[in-house]
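**Q** Below is a structure I'd like to ask you about.
The values are calculated or read from the model by the stated rules, or taken from the named source; none is laboratory data. Just so it is clear, the model here is predicted, and its values are computed rather than measured. Every residue, glycine among them, receives a Cβ derived from its backbone with ideal geometry; neighbour counts consider all protein chains shown.
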């Protein structure tokens, strides 16, 4: 009788037996890091992954949310005029709103009305160096994301302060988040605390922690929209518009 | 018995190690036609377009076409940068397919080169030949990058095992490709008849599962779109230089 290509003799039986016995000494953690984001012991008041029927919440690093009294937005790096914005300052920028769909790389999507300002408002104030072709964001929940400057000035990219006619909630990124509708959800960083202009690209959180690209452009494939009972619908790539979505003119 | 098993296993080993190769159609190029370097001659005649299971395609209709020429490879970043010196790319990726180009930019490149974008029918015939095959290389493969979410382009000449029966590369993987047609199907409202251009021959991704698309699969996108997954190749009539 052979097992694993080896003749089953007393020596081999004993080595297998000892190996299986040894394996019981190791916990599961020795073979793979458990996903702490699914830990049911995370305090309820923490922002964390929640499958709410109308809009799932995703949080890479559960935390208590931002206390706006201690928050500001620092814009720095290769710019002529580094600026620090207080929360109130952001409401002085030119506002715009749009309805767009947030498409998660995990398959689901959901829509909302987002209100905020275009990235050009930031550019106009800080005046980036001509060689500053990349932008790096950091957040209050230790998340980070990177973009090319060209991507951020695309027409539908929005720095968001309000969602569905209300200030952003703690779950959705209060006080400031990014919405780039042609990128998967993980690129749409929440709780932004700093924006840095640079001449080289940095990696982002999920390319360092999962099998996800730095670029994160939505590829042609299938979506399971929450507002369509998660039924599969094919998508063309880029910003997702389903037959029941209103396209911008 | 030992000798018999040795022969059986040797044959099995040789068979399984043999690289997949696509049966190539032997094409006789008529006298007087010179095929420019980097292009492939696609002969005249019938081919099956679309598939009956895909209602937005030609549903398996037989189409007769004149002969034409098409680029063997997708246009590369290096080639495109000669046309547009502002197009920047990593020097090690000069042989990768150009991407982030709009329909107009793709059309402009082809015109500058004395060519044009292929029609959708030309593209599909180049990909599947006259036998109505589903995959350019005929046999189904799983995509090797399953487990990763994101688009990973490759050098345009890197996959000789994934060529069409006419020897055209990159028709079922790498970038989606602009073709000249507007996207119209039975369901297209009249107001949208000139809203989307057809793109062909790329991959679909759902989370970390990447799939090849069949030769008759149609995708559509606005002509101003410019994404990392869209590139193009050129075509021309048989008398172009």
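**Q** Given the conditions (1) within 14 Å of chain A (Cβ to nearest Cβ); (2) at pLDDT 95 or above; (3) exposed (fewer than 14 other Cβ atoms within 10 Å of the Cβ), which single one is not true for residue B:175?
**A** (3)
**Q** What do you reckon, is residue A:30 crowded, with 18+ Cβ neighbours inside 10 Å, at pLDDT below 95 and closer than 25 Å to residue A:206 by Cα?
**A** For residue A:30, the condition - crowded, with 18+ Cβ neighbours inside 10 Å, at pLDDT below 95 and closer than 25 Å to residue A:206 by Cα - is not met.
**Q** Let me ask you something else. In region A:199-219, how many are in contact with a strand residue (DSSP E or B) (Cβ under 8 Å, 6 or more places away or on another chain) and assigned to a helix (DSSP H, G or I)?
**A** Count: 2.
**Q** Oh, and also: If you go through region B:111-133, how many residues are under 16 Å from the mean Cα position of the chain (by Cα) and either within 14 Å of chain A (Cβ to nearest Cβ) or buried (at least 16 other Cβ atoms within 10 Å of the Cβ) (or both)? First the steps, then the outcome.
**A** As a first pass, look at region B:111-133 and keep what is under 16 Å from the mean Cα position of the chain (by Cα): B:116-130, B:132-133.
Checking the rest, the ones that are also either within 14 Å of chain A (Cβ to nearest Cβ) or buried (at least 16 other Cβ atoms within 10 Å of the Cβ) (or both) come to B:116-129, B:133.
Adding up the residues that qualify gives 15.
**Q** Next question. Could you list, in sequence order, all residues of region A:47-74 that are under 25 Å from residue A:205 (Cβ atoms) and outside any loop (DSSP other than H, G, I, E, B)?
**A** Of everything in region A:47-74, those that are under 25 Å from residue A:205 (Cβ atoms) and outside any loop (DSSP other than H, G, I, E, B) turn out to be A:47, A:50, A:57, A:63, A:68, A:70, A:73, A:74.
**Q** Sticking with this one: If I filter region A:220-234 for residues that are more than 9 Å from every other protein chain (Cβ to nearest Cβ), touching a residue at least 12 places away in the same chain (Cβ under 8 Å), part of a loop (DSSP other than H, G, I, E, B) and over 15 Å from residue A:136 (Cβ atoms), do I get at least one hit?
**A** Checked region A:220-234: at least one residue is more than 9 Å from every other protein chain (Cβ to nearest Cβ), touching a residue at least 12 places away in the same chain (Cβ under 8 Å), part of a loop (DSSP other than H, G, I, E, B) and over 15 Å from residue A:136 (Cβ atoms).
**Q** Give me the pairs: first residue in region A:203-218 and within 11 Å of another protein chain (Cβ to nearest Cβ), second residue surrounded by fewer than 21 Cβ atoms within 10 Å (Cβ to Cβ) and part of a helix (DSSP H, G or I), beta-carbon distance under 6 Å, and six or more apart or on different chains, which are they?
**A** That search, which allows pairs on different chains as well, returns A:214/A:207.
**Q** Could you say whether any residue in region A:171-181 is in a loop (DSSP other than H, G, I, E, B) and within 13 Å of chain B (Cβ to nearest Cβ)?
**A** Residues of region A:171-181 that are in a loop (DSSP other than H, G, I, E, B), as a first pass: A:171-176, A:180-181.
Among the residues that remain, those that are also within 13 Å of chain B (Cβ to nearest Cβ) are: A:180-181.
The answer is yes; a qualifying residue exists.
**Q** Going residue by residue through region B:214-229, is there one that turns out to be facing chain A (nearest Cβ under 8 Å), under 19 Å from residue B:70 (Cα atoms), within 18 Å of the chain's Cα centre (by Cα) and modelled with pLDDT of 95 or more?
**A** Taking region B:214-229 and keeping what is facing chain A (nearest Cβ under 8 Å), we get B:219-221, B:225, B:227-229.
Subset that is under 19 Å from residue B:70 (Cα atoms): none.
Looking for residues that are facing chain A (nearest Cβ under 8 Å), under 19 Å from residue B:70 (Cα atoms), within 18 Å of the chain's Cα centre (by Cα) and modelled with pLDDT of 95 or more, one finds none in region B:214-229, hence no.
**Q** Okay, moving on. Of all residues being buried (at least 16 other Cβ atoms within 10 Å of the Cβ) and modelled with pLDDT of 95 or more in region B:152-162, which is nearest to the other protein chains (Cβ to nearest Cβ)? Just the residue, please.
**A** B:153
**Q** Still on this model: Given the conditions (1) within 11 Å of chain B (Cβ to nearest Cβ); (2) part of a strand (DSSP E or B); (3) surrounded by fewer than 21 Cβ atoms within 10 Å (Cβ to Cβ), and given that residue A:241 satisfies all but one, which numbered condition is not satisfied?
**A** (2)
**Q** Out of A:119, A:85, report the one residue that is in contact (Cβ under 8 Å) with a residue 12 or more places away in the chain and within 29 Å of residue A:225 (Cα to Cα). Full working, then the answer.
**A** Working: A:85 fails: within 29 Å of residue A:225 (Cα to Cα).
Just a single option satisfies the conditions, and that option is A:119.
**Q** In region A:75-89, which residues are in a loop (DSSP other than H, G, I, E, B) and farther than 16 Å from residue A:135 by Cα? Quick ask: steps written out before the conclusion?
**A** Filtering region A:75-89 for residues in a loop (DSSP other than H, G, I, E, B) gives A:78, A:80-82, A:86.
Residue satisfying the conditions is A:86 alone.
**Q** Looking at (1) touching a helix residue (DSSP H, G or I) at 6+ places or on another chain (Cβ under 6 Å); (2) within 13 Å of another protein chain (Cβ to nearest Cβ), find the lone condition where residue B:168 falls short.
**A** Residue B:168 satisfies every listed condition except (2).
**Q** Kindly provide the set of residues from region A:235-244 that are touching a residue at least 12 places away in the same chain (Cβ under 8 Å) and out of contact with any helix residue (DSSP H, G or I) (no Cβ under 9 Å at 6 or more places or on another chain), ordered by number. Don't jump to the end; show me each part of the working.
**A** Keep residues of region A:235-244 that are touching a residue at least 12 places away in the same chain (Cβ under 8 Å), which gives A:235-242, A:244.
Passing the criteria: A:235, A:236, A:237, A:238, A:239, A:240, A:241.
**Q** Within the bounds of region B:119-130, is there any residue that is part of a loop (DSSP other than H, G, I, E, B), under 22 Å from residue B:203 (Cβ atoms) and in contact (Cβ under 8 Å) with a residue 40 or more places away in the chain? Walk me through how you get there before you give the answer.
**A** Restricting attention to region B:119-130, the residues satisfying the condition of being part of a loop (DSSP other than H, G, I, E, B) are B:119.
Then drop every residue that is not under 22 Å from residue B:203 (Cβ atoms), which leaves none.
No: zero hits.
**Q** Another question, then. Of the numbered conditions (1) away from every other protein chain (no Cβ under 12 Å); (2) out of contact with any strand residue (DSSP E or B) (no Cβ under 7 Å at 6 or more places or on another chain); (3) assigned to a loop (DSSP other than H, G, I, E, B), residue A:247 satisfies every one except a single condition; which is it?
**A** Just one mismatch for residue A:247, condition (1).
**Q** Another question about this same structure. Assuming residue B:184 fulfils every condition listed in (1) in a loop (DSSP other than H, G, I, E, B); (2) away from chain A (no Cβ under 14 Å); (3) more than 30 Å from residue A:209 (Cβ to Cβ); (4) in contact (Cβ under 8 Å) with a residue 12 or more places away in the chain apart from one, which condition is it?
**A** Failing condition for residue B:184: (4).
**Q** Taking the options A:191, A:144, name whichever one is away from every other protein chain (no Cβ under 14 Å), under 26 Å from residue B:147 (Cα atoms) and either surrounded by 15 or more Cβ atoms within 10 Å (Cβ to Cβ) or out of contact with any helix residue (DSSP H, G or I) (no Cβ under 8 Å at 6 or more places or on another chain) (or both). Spell out the reasoning first.
**A** Working: A:191 fails: under 26 Å from residue B:147 (Cα atoms).
After ruling out the rest, the residue left standing is A:144.
**Q** Can I ask one more? Contact list please: Cβ distance under 9 Å, first residue in region A:175-187 and within 21 Å of residue A:208 (Cα to Cα), second residue modelled with pLDDT under 95 and outside any loop (DSSP other than H, G, I, E, B), pairs at least six apart or on different chains.
**A** Here the result reads A:184/B:149, each pair linking region A:175-187 to a residue that is modelled with pLDDT under 95 and outside any loop (DSSP other than H, G, I, E, B).
**Q** Failed condition for residue A:130, given (1) free of Cβ contacts under 8 Å to residues at least 12 places away in the same chain; (2) farther than 22 Å from residue A:95 by Cα; (3) not in a loop (DSSP other than H, G, I, E, B), with all others met?
**A** (3)
**Q** So, one more: On the given criteria, is residue B:207 closer than 28 Å to residue B:91 by Cβ and either away from chain A (no Cβ under 14 Å) or in contact (Cβ under 8 Å) with a residue 12 or more places away in the chain (or both)? Even if it seems obvious, please write down each step before you answer.
**A** Values: closer than 28 Å to residue B:91 by Cβ: no; either away from chain A (no Cβ under 14 Å) or in contact (Cβ under 8 Å) with a residue 12 or more places away in the chain (or both): yes.
No: the conditions fail for residue B:207.
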